[in-house]
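Report on the following structure.
Taken together, the values in this text are just the output of simple stated rules run on the coordinates, not laboratory data. Everything numeric here is computed off the predicted structure, so don't read it as measured data. No Cβ is skipped: glycine too gets one built from the backbone with ideal geometry, and neighbour counts run over all protein chains shown.
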Amino acid sequence: MREPLIFDQGRPGRRAPSQAPAVAAATDDLPVGLIRRTPPPLPEVSELQVVRHFTRLSQLNFSIDTHFYPLGSCTMKYNPRAANKMAMLPGFLDRHPLEPEAHAQGFLECLFDLQEMLKAATGMSGVSLTPMAGAQGEFAGVAMIRAYHRARGDSARDQIIVPDAAHGTNPATATMCGCAVVEIPTGPDGDVDLAALRQVVGPRTAGIMLTNPSTLGVFERRIAEIAEVVHGAGGLLYYDGANLNAILGRTLPAAMGFDVVHINLHKTFSTPHGGGGPGAGIVAVNDRLEPFLPIPIVGRRDGAAGHEYRWLAEAERPKSIGRLSGFMGNAGILLRAYVYMRLLGAEGMRRVSGYATLNANYLMKRLADAGFAPAFPRRRASHEFIISLKDVTRDTGVSAMDFAKALLDKGFHAPTTYFPMLVPECLLIEPTESEARQELDAFAQALIDIRDLAFKDAAAVKSAPLTLPVRRLDEVRAARQLDLTWQSRTDSPPVRLPQTPN
Amino acid sequence: MPFIPHTTEDTAAMLGAIGAHTIEDLFDEIPAALRVDGLAAVPVGLSEAAVTRLMRERAARNRATLCFLGAGAYEHHIPAAVWEIATRGEFYSAYTPYQAEASQGTLQLIYEYQSMLAGLTGLEVSNASLYDGATAFAEACLMAVRGARQARARRIAVPRYLNPVWLKVARALVAGQDIELVEMAATAGRTDLDALANLDGQEFAAVCIPYPNFLGGFEPVDELTNWAHARGMLVIAACNPTALALLKPPGEWGEKGADIACGEGQPLGIPLSSGGPYFGFLTCRKALVRQMPGRLVGGTVDVDGRPGFTLTLQAREQHIRRSKATSNICTNQGLMVTAATIYLSLVGSEGLRRVAAQCHANTRDLVAALCSVGGVTAPLGPFFHEAVLTLPRPVAPVLQQLAAAGILGGYDLSADFPELGSAVLVCATELRIAEDVAAYRLALAGVLGVAVAA
């Protein structure tokens, strides 16, 4: 199935007239030299064509709502519809961000409650909701660490330590904050190499960025020692909350010794992934870093009529690292997370980590029993785990990428492939708590069937996918012969507007 | 158990297969000293019905008002189809299109979006979005420093009447890389061309030109573009996307056109939504594509020669390049881009031009109506859909009284720009009909204690 570009479906003069003013208002008072002479190349289509086109495009996607989506590190769990519906109530949706606080008490109360629940979930004492994605939360965290050291007059601390298995955003963030990245290796059991850590810490150490459970799908057991080493050297600990789903209500980043945390609300707290965002990367900190939190923050005071909620900004928070968004971050996403957390409650949050971990360990066991090779067979899986296909690849030539594509043909979204890079031919599999046992069994069987086929007819696996709108795409061509817009495909000169606009 | 499908039998069988007795056993690698029993400070879970009641009550406490406030977020008509389609589960609950074959819908949509934004700004390349207008501006500055011909130029010249919050955000985001944003002098609500000579002798990577500027008016875009290019600087346009249907695109400014354009995408079908999520757009000349942060979608063919789409030039990005990436951005604002692409398809170029023209006409009517109230004046020149009014009294109490009467009267400029006096920035989009304007005029007259004819 293919769908033509919306631009190729248009006819000159066709419109959706009810969506714009019926007549074109006069604009002859605008400076003549600034008037646009060539209309922008937007499609000329009817409303039905638009609805049909984008509905058809949606049908070319895999999604959580249509497919099992065990994309490791991304926590593709069910996104409750209630969260979307509540966040889109007109009282929230139609509100201008700069409206007076008195008009926004219901909205601010939701955000204040959310701040409090996130403090509870992390054990931290301060929260800022403004970072708009995990990577921005990381930026906020490292910027706060730098501000903390500077405020103490300790400005030589410009190194951020990152394990080799870390998300790429960690080193990229350190660079954005003007820090040098010091990479440390992972030991054979999946834990950080403590001896290597001891060697690199020192007076230039600003901090360390860790994910726990790590991106290898195992809990870093010596986290308390790591904290001791880093704090002992004068550095701080940054918790990348990408894998918080695994420990929700079981342990707290604060208890592990972390000073700052970001949480991807689109992972643990089930806000939509939206085809690549919007996310939300809230940050939580302990007392040391609290003065440096990005602004604005929601405060509460007792007024004549009960609680009054208000924004705390430059005036109240002079040491803040500043603003990271034009207003207050991805407000509507924060509301969705709030609804989800209220639906779960404390017990529900603990169940999330319990069943996410149960599903991962069950699926890992099923695959191990079937002869697949977990990367850390003697370790408990967290909410996700890695299998390495290197033996299958060696024997058949069928790679992790081939498995991924073959899974698509069987109606499963592929796990994360080739990350973390230190495990060869790896699949990082995160089933999440919202999948039933029967779904996990079917997925395990699909992997078994693909492996059987790999040994019988490797070429058949390597030809996958066969049932999707396209087969494997030529990525080299995409990068070498850049085709980034429809305009770049057409040689026809742009249409010129009449000199006197109607 | 909310959103967990396991029956008691399932759980028992699964634990049995693992060889564990309880779910608690699965956490035995977490040292005992670090474990907690639960989250006492989190309230108990509620049913969907109870949460619905709670959220409706809170939403109802957010008072509805008649909005003449812009300052970076604008209330426009959003066709019903936009969010009906954008929230389809296949868009809403998918993720970044890493598996291209299973994500052709999202990929084609982004390609169409890139085409529309490149076309609107008159440049060749668009990325798949950034978080919002403010961060898009910050990324544009970083991109300009990387792409600058003068390798050591770490300064960006910014006009006085740039969105003050954008300036704060950009400063927060570029501070770690020792990049400086230097303000240019202004006169009469726009950059003072005569004062540019004061910047001679300093090296700049780029100049930023807001379009329209924060006061709703027009910078001397052609002169500034030529001035910057003559000094080897890049030109960053920070534009309102609605205005671009009516106004000459940045790619046509001056003799060579702007090099980079960025802006807040919210006006394109995104609800005000208390401040977000919105999206930032970023477009540029093809020569700068490798400095672009964020996702890019490209067309290609599959093994059978059929056309398709895939993420491309990923070697710029953090998951490949790590500490040497163009930015740390990973997740962007995919769902908002979905909405914006549907919006732009529905209104088309003629529809968007009419929206822009109506915004301009309504703001012109608003300014005329309010200036008929004694003591209110419009001191500056031409504007798009926001304009500065000076009031005979301090602005804050006037806005407060208007708000009490259910009117959001505009943005108080006196703190950020004291040189303007008691100045308020007002906005009327295409949604503000004549009755709305009349209501504002009457309310303002009441607050100022001036008699006007009804």
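Each of A:R2 and A:D391 was given a label point 7 Å from its Cα along the Cα-to-Cβ line. The distance between the two points is 4.3 nm.
Once the Cβ-Cβ distance between B:A13 and A:T66 is put in as r, and R0 is 25 Å, what FRET efficiency do you end up with, to the nearest 0.05? With R0 = 25 Å, the Cβ-Cβ based efficiency is 0.40.
Calculate the FRET efficiency for A:A304 and A:S463 from the Cβ-Cβ distance with a Förster distance of 60 Å, rounded to the nearest 0.05. After rounding to 0.05, the efficiency reads 0.25. Annotation: the antiparallel percentage among DSSP beta bridges lying fully within chain A is about 60. Packing around the peptides A:192-200, A:275-283, taken as the average count of other Cβ atoms within 10 Å per residue, puts them in this order, highest first: A:275-283, A:192-200. The helix-only estimate of mean residue ellipticity at 222 nm for chain A, built from DSSP H runs of length n ≥ 4 each weighted as -39500 (n - 2.57), is -10500 deg cm²/dmol after division by the residue total. Reported to the nearest whole Å, the Cα centre-to-centre distance from region B:427-454 to region B:394-417 is 14.
Is chain A rounded, prolate or oblate when judged by the Cα gyration tensor, a ≥ b ≥ c being the square roots of its eigenvalues, rounded requiring a/c under 1.5 and prolate requiring a/b larger than b/c? Oblate, because a/c is 1.5 or more while a/b does not exceed b/c. Out of the DSSP beta bridges found with both residues in the protein assembly as shown, what percent are antiparallel (nearest 5)? Antiparallel bridges: around 60 percent, rounded to the nearest 5. Sorted ascending by nearby beta carbons within 10 Å, beginning with the fewest, B:C208, A:C179 become A:C179, B:C208. Computed over the alpha-carbon atoms, the protein assembly as shown gives an Rg to Rh ratio of 0.96, Rh here being the Kirkwood radius from the mean inverse distance. Overall, region B:14-76 carries a charge dipole of about 660 debye about its Cα centre when +1 sits on the Cβ of Lys and Arg and -1 on the Cβ of Asp and Glu, all other atoms neutral. Among the residues of B:134-141, the average count of other protein chain beta-carbon atoms within 10 Å of the residue beta-carbon is 2.
Shape of region A:437-490 from the C-alpha gyration tensor: prolate (a/c of 1.5 or more and a/b above b/c, with a ≥ b ≥ c the square roots of its eigenvalues). Helices in chain B that qualify as membrane-span-like (whole DSSP H runs, Cα extent of at least 24 Å along the helix axis, mean Kyte-Doolittle hydropathy of 0.0 or higher) are B:104-121, B:334-371. Considering helices alone, the calculated mean residue ellipticity of chain B at 222 nm is -11000 deg cm²/dmol, with DSSP H runs of length four and up weighted by -39500 (n - 2.57) and normalised per residue. As a length-normalised measure over Cα pairs under 8 Å and 6 or more apart, the relative contact order of chain A settles at 19 percent.
Across region B:9-31, the residues whose backbone nitrogen lies under 16 Å from the label position 7 Å along the beta-carbon direction of A:D441 are B:9-18.
In plain terms, the residue of A:L252, B:L268 with the fewest other Cβ atoms within 10 Å comes first and the most crowded comes last, giving A:L252, B:L268.
Charged side chains reduced to their Cβ positions (Lys and Arg at +1, Asp and Glu at -1) give the protein assembly as shown a dipole of some 640 debye around its Cα centre. Legend: calculated FRET efficiency, A:R480 to B:E419, from the Cβ-Cβ distance at R0 = 45 Å, rounded to 0.05, equals 0.30. One Cα centroid belongs to region B:1-73, the other to region B:224-247; the line between them spans 48 Å. Per-residue shielding of A:142-149, expressed as the average number of other chain Cβ atoms within 10 Å of the residue Cβ, stands at 1.
The packing ranking, built from the mean of other Cβ atoms within 10 Å per residue, places the peptides B:314-320, B:344-350 in the order B:344-350, B:314-320, highest first.
Mind running the shape call on region A:1-113? Use the C-alpha gyration tensor, a ≥ b ≥ c as the square roots of the eigenvalues: rounded below 1.5 for a/c, prolate if a/b tops b/c, oblate otherwise. It is oblate, given that a/c is not under 1.5 and a/b is not larger than b/c.
Among A:W486, A:W311, B:W253, the ranking by other beta carbons within 10 Å of each residue's beta carbon, starting with the fewest, stands as A:W311, A:W486, B:W253.
When the charge dipole of chain A is built from unit charges on Cβ atoms (+1 for Lys and Arg, -1 for Asp and Glu) and taken about the Cα centre, the candidate among A:N84, A:A368, A:G72 whose Cα reaches farthest toward its positive end is A:N84. Mean per-residue shielding of peptide B:316-324 is 6, counting Cβ atoms of other chains within 10 Å of each Cβ.
Going through the cross-link list A:K410/B:K286; B:K286/B:K324; A:K77/A:K410; B:K248/B:K286, which pairs have a Cα-Cα distance over 29 Å in this structure? Exceeds cut-off: A:K410/B:K286. About its Cα centre, region A:65-163 has a charge dipole of approximately 300 debye under the convention of +1 per Lys or Arg Cβ and -1 per Asp or Glu Cβ, with nothing else charged.
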